[in-house]
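Remarks on the structure that follows.
Computed from the coordinates by the stated procedures, all read-outs in this text should not be read as laboratory data. Keep in mind that what you see is a predicted model, and the values were worked out from it rather than measured. Glycine also receives a Cβ, built like all others from the backbone with ideal geometry; neighbour counts cover every protein chain displayed.
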Amino acid sequence: PFVVTDNCIKCKYTDCVEVCPVDCFHEGPNFLVIDPDECIDCTLCEPECPVNAIYPEDDVPAGQEVFVALNADLSKAWPVITVRKDPPADAKDWEGKTDKLPLLER
Ligand code: SF4
Ligand code: F3S
């Protein structure tokens with residue numbers, strides 16, 4: 001499956017959700033995750049993310065392996081999102097910032 005990683009936190013552009021043919025994106029307060037049990041590896045979402053937050057599970061950047069389990073766990077708790085919405089007002093300020101995991105809201 002594909003995995004949403006650190007770059008999405010506090011950016012949450014949601015461009016990714018509308019292309020997913022199996023509705024596997026789930027929305028939290030400031031981050032999205034992919035349900036690994038639903039993702040069919042179609043690859044359509046990966047190029048949609050303007051901050052390149054989406055990776056195949058086997059290609060997650062070094063140090064971000066924790067996001068594999070986070071996507072699996074949080075997708076069970078958070079609701080599905082299928083329609084794009086406006087990003088947070090300060091999303092631009094958080095683009096390219098690293099190590100945002102402590103800022104992840106559950
Ligand atoms: Fe959905 Fe395809 Fe992305 Fe998996 S790879 S989350 S199925 S758009
Ligand atoms: Fe996040 Fe990128 Fe989607 S910022 S919400 S993974 S478009």
- Item | Label-point separation in nm, ALA62 to ASP37, each point 7 Å along Cα→Cβ | 3.4 nm
- Query: How large is ³J(HN,Hα), in whole Hz, for each residue of the stretch 67-81 in order, when computed from phi with the Karplus curve 6.51 cos²θ - 1.76 cosθ + 1.60 and θ = phi - 60°, using x for Gly and Pro?
  - Reply: 5, 4, 5, 4, 4, 5, 6, 5, 5, 7, 9, 9, x, 5, 10
- Message: For the chain, what does the helix formula give at 222 nm: sum of -39500 (n - 2.57) over DSSP H segments with n ≥ 4, over the residue count, nearest 500 deg cm²/dmol?
- Response: -4000 deg cm²/dmol
- So, in nm, how far is label ASP23 from label LEU103 when the simple model puts each one 7 Å beyond its Cα toward the Cβ? 3.1 nm
- Query: Under 26 Å Cα-Cα from LYS97, which lysines qualify once same-chain neighbours fewer than 8 residues away are excluded?
  - Reply: LYS10, LYS12, LYS85
- Task: Would you list, by chain and number, the aspartates and glutamates whose Cα falls below 14 Å from the Cα of LYS76, excluding same-chain residues fewer than 8 positions away?
- Result: ASP23, GLU27, ASP35, ASP37, GLU38
- Residue with peak Gaussian network fluctuation, the chain [Cα springs, cutoff 10 Å], from GLY96, GLY63, GLY28: GLY63
